Each structure stands twice: as structure tokens, then as C-alpha cells.
1. How many residues does region 321-338 contain that are modelled with pLDDT of 95 or more, more than 16 Å from ligand 1 (Cβ to nearest atom) and on the phi < 0 side of the Ramachandran plot?
2. Confirm whether residue 81 is charged (D, E, K, R) and either part of a loop (DSSP other than H, G, I, E, B) or surrounded by 13 or more Cβ atoms within 10 Å (Cβ to Cβ) (or both).
3. State which residue is nearest to ligand 2 (Cβ to nearest atom) when the search covers only region 1-60 and only residues that are part of a helix (DSSP H, G or I) and β-branched (Val, Ile, Thr).
4. Which one of these does residue 120 not meet: (1) surrounded by 22 or more Cβ atoms within 10 Å (Cβ to Cβ); (2) farther than 30 Å from residue 154 by Cβ?
5. Report, by residue number, each residue of region 327-357 that is assigned to a loop (DSSP other than H, G, I, E, B) and either over 16 Å from residue 32 (Cβ atoms) or out of contact with any Phe, Trp or Tyr (no Cβ under 9 Å at 6 or more places or on another chain) (or both).
6. Starting from residues that are polar (S, T, N, Q) and in contact (Cβ under 8 Å) with a residue 60 or more places away in the chain, keep the ones in region 203-245 and report whichever is surrounded by the fewest Cβ atoms within 10 Å (Cβ to Cβ).
7. Kindly indicate which of 230, 191, 204 is within 16 Å of ligand 1 (Cβ to nearest atom), at pLDDT 95 or above, outside any loop (DSSP other than H, G, I, E, B) and out of contact with any Asp or Glu (no Cβ under 7 Å at 6 or more places or on another chain).
8. State which residue pairs qualify: first residue within 18 Å of residue 348 (Cβ to Cβ) and inside region 4-30, second residue part of a loop (DSSP other than H, G, I, E, B) and more than 16 Å from ligand 1 (Cβ to nearest atom) in any location, beta carbons under 6 Å apart, and separation of 6 or more residues or different chains.
Amino acid sequence: MRFSERVMAVEPSVTLGITSGAKAMLASGEDVVVLAAGEPDFDTPESVKEAAIKAIREGRTKYTPVGGTRSLKEAVCRKLKRENGLDYDVDEVVVSCGAKHSLYNVLQVICNPGDEVLVIAPYWLSYPEMVKLAGARPKIIPARRENAFKAAAEDIRAALTEKTRAVIINSPSNPAGVVYKKAELREIAGICLAGGVTMISDEIYEKIIFDGKKHFSIAAVSEEARAATIVVNGVSKSYSMTGWRIGYLAAGRKVASMVSTLQSHSTSNPCSVSQAAAEFALSSADLEGELRRNREEFQRRRDVLMDRLSEEKKLRPFKPEGAFYLFCDISECGMDSLTFSRRLLDEKKVAVIPGGPFGDDRSIRISFATDLAAIEEGAERIKDWVRGM
Ligand code: PMP
Ligand code: GLU
């Protein structure tokens, strides 16, 4: 059988692969500490589950409009207004099967062969692969640790060519937990607007943010920025709803209608029951307390992990300001990130994610979306192993 060159040019998701492999080891009784997960360990809030059960009982089990029910899109519009200061109409919103799907759709509708999409490294590993699947070329902008893993505005400007179609901004970011300040986003938006480049803003980690920092959307910089930005978000990380598969985008009418057309020939609507649950989550002020407690718990774990790893000279952890990953430089250990991660799993039974597929082979990504006991045990094993090298 012959296969498409498009799909042969991409790698399977390492994050999903390692995480499910490590979970399988755990299930078979192995003493593995899994610090790989890209999902909150907290359960979906009870009231959200109840909303889904109610939807099933009420028979909301049929096809919905392709881009989501009107009431969910209204809930998304209210959320964007309330929390991000952004005004959108329901026909500027499209709900998809996770933010990953929203991003995939966006790239499919805006890219043509020969186009370039700027991706800031270290990046979430799916961005370059999705760009390739859309027939375009990812152009990587390395962000230096000395610059807090943020892209320097000058580097973005220098990377722009007539082929540049879009730049992907991810704040808070996966894998380094970078949170861009308003002024920095304003500068980036200015460059993109001057260059006629679309901004794709992945805001999936917006609620997991530490030290009292506030998330700011690049679309909120100005009316012009809003018009040139596609905001992508979802309920996976904010509401511990990774398995429900609901993400959404907000953009101009034309983008929204093109994405709906694409979706009408691929997945049709996202799961109707999940839509009802997401609508409840996005509309329920009662969940705020639970979200705050989760955020505080993530911050506590970050601090413990940061303290423990900092005790070992060969490890250089980078303090994340958001999301639930800690990016740690292991270059003093004398091996690449994949070898480090493989050997750590084999020899010490700790699962972490190599930084290589995220565009930084000097680092590993350690997830703190697991309980404190596992984090402490994992950190001890890592230090112990590194010390013995
Ligand atoms: N963006 C980033 C940066 C992510 O880490 C993830 C995690 N999977 C996603 C988007 C997609 O999330 P989901 O598809 O579960 O909404
Ligand atoms: N985004 C999460 C991660 O980076 C989940 C896995 C994935 O979708 O890649 O681990």
C-alpha cells in the first residue's frame, strides 16, 4: 500500500505515546512515577458531570449544528467578554473536538503550499506537525532561556518574509510555562499587524497561572489585533475535562465559516453531551472556588519540584509562571533528551518527556499534574540518578 507523503512527513505524538506507555507500566504493577502527563490529575467537577448526565436524560444525544450549539457558543462569547474583554458574535465562534482540533482546522483553512508559519521554540510538539499537515512549513524562532524562553520581538520581525502566513503564540506555554506580559504582546502584535500576519493565540492554559499573574490575550491589545487574531481555547486544562474533547476558536466571520465548512466534512459536530457539559462549565460561577484551589495546588507542587531539583547542580530547572510543566536543562548530564528520558525510565522508573520534540534537546519536561508524594519521590529518584552519573 502507498501512503500519503503528508502523513509520512510527521511524527506520532511523543507526549501521548510516553504517557500512555508509562500508564500501562503502572497498571501492570510496576513502580513507575509518571511525571509525563499533559492533563490535570483532578477529576472533572461533579456539577459538570451532572450537567452531562442531565443532557443524556433529556435526549440531547443527536447531531448538533456543525460548529456547536447556539447556547454553547453564547456561553463562549460571554466567557470571552467577561474574562478576556473580547467581543465576539456567535457566528465568529466554532466549537471543535478539543483545542488541538481547533488549531488543526485553523491551519488547514489558512495555509497554502509554500506558506510559512512561525513557531517559537520550545513549542508544543504538535504545532510544527500540524503546520506540515496543512502543507505549509514551520519556521522555528528559538527563544533563549536567558530571555525567559520568550521570543524577542526583533527575532519575530527578522523571521517575517512574504511567505509568512501566521505566528503561533502560546501563553501560558507548554512546555516552559512562559507567560507573556501585556507590553510584550503589544509589541508582537504591532510587528504582526505591520507585516500582515495572522496571530494564532493558543490560550488553553489561561487559568493555570501562578504568583497572582493575570492572563492577557493578544487579541485584546487593540481592535486591529482582535481582527488579525484567531483565539483558541477549550475546557481540557481549565476544567479538568481532557477526555470530553471540547475546544473552540473565536475569529473573524470568514475564518469561522471556513472552519465550519471543513468540519462539516470531517468530524461534524463535537460530542453533543460534552458540549452540554462544557456549556455548564463555562457558565458556572460556582466552579471558581474549585478552580482556585486547583491552581493553588499546582503552584504548591511547582514550588516543591523547583526546590528539590535546584538542589542538584547538574540540573537547571526553569521556573514556570503557568501551565503544569517544569522545563529542566539536563545538558550537564552529557546526553540528549531522549536518551536521558529513556534511561531514566529504564533505570529509575520515572517517566518524563524529552525536550527534543519540543525543539530543545538540552531539556526535559517534567509534569507536576500529579500528587505531591509522586512529585517528591520522582524528584528524589531523578537527583539520585543524576548524582550517580
Ligand atoms: N495547546 C497546548 C499548548 C496543549 O498543551 C494542548 C494539550 N493537549 C492543547 C493545545 C490541546 O488541548 P485539547 O485538545 O485537549 O483541548
Ligand atoms: N498537550 C498535552 C501534552 O503536551 C497532552 C498531550 C498532547 O495532546 O500532546 O502533554
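The values are calculated or read from the model by the stated rules, or taken from the named source; none is laboratory data. These numbers were taken from a predicted model, which means no experiment stands behind them. For neighbour counting, all protein chains shown are included, and Cβ atoms are generated from backbone atoms with ideal geometry for every residue, glycine included.
1. Step one: filter region 321-338 for residues modelled with pLDDT of 95 or more, giving 321-337.
So of that shortlist, the ones also more than 16 Å from ligand 1 (Cβ to nearest atom) come out as 328-337.
When the remaining residues are screened for being on the phi < 0 side of the Ramachandran plot, the result is 328-333, 335-337.
Here the count works out to 9.
2. Working: charged (D, E, K, R): yes; either part of a loop (DSSP other than H, G, I, E, B) or surrounded by 13 or more Cβ atoms within 10 Å (Cβ to Cβ) (or both): no.
In short, no.
3. Top of the filtered list is 15.
4. Just one mismatch for residue 120, condition (2).
5. Matches in region 327-357: 330, 334, 335, 336, 349, 355.
6. My answer is 242.
7. Result of the check over 230, 191, 204: 230.
8. 22/32; 25/32; 26/32
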